[in-house]
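Have a look at the structure below before the remarks.
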Amino acid sequence: MGLQQFEADGRPDGQRVHGLESLLDFHESRLVPAPARAGELTAEDCALLIHEGLAYHDRTHLLVRLRDWPRVERDSARNLRLIAFIRRHARCAEDRADFHPWQPDLTRLHAVARAMMLVEKGRVHAARQIASAAGLVATVAEDSPSLSQITEALLASVRDCFPDVPAQPVGEESTFRKQGDYWVISYHGQQAHLKCTRGLHGLAFLLHYPGREFHVSELLAHLMETPAPPAPASAHGCRNRADAELVMVAMHSGTPLLDPQAKAQYQHRLTELREDLREAERRNDPHRATQAQEELDAIVRHLASAAGLGGRDRKTSSEAERARCAITKRLKQAIQKIAEANPSLGLHLTARIKTGYFCSYTPHPDRPVAWKF
């Protein structure tokens with residue numbers, strides 16, 4: 001293990017950024033004077049800020065061991081400011097959520113540092129008030145008999161405040177692979193093995209085609225082609241009959257599947273794709289041509305599913321609504337299972353999976369994910 005060296009004050013590596021103490025100070029000087037400018041931090045900006053924040057966090061760990069509470073308070077307050085800043089200005093939801101597991105520990109660390117500074121001055125009552133506000137009442141009880149025991153209790157409360165907080169690399173390879181009766185899913189360095197469900201099959205299908213929309217009936221038909229997961233005999237037949245009924249979506253009454261605005265947007269996209277296809281063929285770019293043709297075909301299928309004889313609008317119905325509800329429920333259940341095993345991926349899928357009559361997976365351009373299946 002290498003020896004870590006930090007400057008006691010300023011940026012831990014002793015460097016300055018654009019004449020300021022840190023990269024956070026630079027971005028704050030750029031964005032805070034214009035509070036309406038939200039969404040100005042790219043994924044790369046956030047990754048660099050996180051990397052810098054981790055250096056401060058590592059130094060804080062050392063300062064706790066040295067019991068340098070004023071500097072612990074300073075650095076933990078600084079990283080809490082970093083979290084608030086990224087949540088306000090990051091473009092993508094994933095960057096705004098990356099700190100979720102880290103913030104409670106930082107908040108506790110900051111409170112303990114403040115309390116310890118008061119304990120060292122003999123202000124025990126004020127220290128207990130801060131500990132109480134931070135949810136540390138059980139740690140610093142009213143009947144604690146001595147300053148040394150209060151000090152030990154506070155120190156014990158921060159010993160687990162330094163979990164690994166890895167910076168999230170942009171564009172890293174992730175996996176969503178079926179192996180036997182399980183899905184092996186890895187994302188941001190965490191791996192999970194989840195029992196096969198049709199909801200996970202549905203997610204895998206959407207992840208294969210980022211940016212493409214699938215009508216709920218098309219997605220449901222795909223799920224019906226996958227083997228059903230094991231189920232108790234009493235429920236198996238009922239579930240299969242219900243799934244089969246949902247595939248037969250009737251569209252004879254209700255509201256139009258596509259409103260005029262949606263149809264206009266699809267037509268505009270078709271025009272763009274046809275031009276992309278012609279341009280790709282002129283440039284002899286088969287990959288680009290294939291992508292354009294696949295998306296064009298998908299949109300044409302969607303439009304066809306929403307139109308009846310003579311181009312008249314097809315309507316939604318109770319069966320279509322049942323299909324939408326079933327798919328939405330299964331996808332959300334699958335995302336919840338993933339979130340329990342890998343919170344970062346759960347947050348990503350919650351932000352990027354769209355459900356409804358049309359379902360899609362659309363990663364943010366700043367945070368692409370290279371899925372391997």
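Things worth noting here:
- All positions within the stretch 329-358 that are out of contact with any strand residue (DSSP E or B) (no Cβ under 7 Å at 6 or more places or on another chain) and surrounded by fewer than 18 Cβ atoms within 10 Å (Cβ to Cβ): K329, K332, Q333, Q336, A339, E340, P343, T350, A351, G356
- Residues that are under 19 Å from P104 (Cα atoms) and charged (D, E, K, R) were ranked within the stretch 53-70; the one that is modelled with the lowest pLDDT is D58.
- Subset of the stretch 342-373 (residues that are among the small types (G, A, S) and closer than 23 Å to L223 by Cα): G346, A351, G356, S360
- For the stretch 176-210, filtering for residues that are in a loop (DSSP other than H, G, I, E, B) and over 25 Å from E321 (Cβ atoms) leaves 6.
The values are calculated or read from the model by the stated rules, or taken from the named source; none is laboratory data. For clarity, every value in this text was computed on a predicted model and none was experimentally measured. Neighbour counts run over all protein chains shown; Cβ positions are idealised from the backbone, glycine included.
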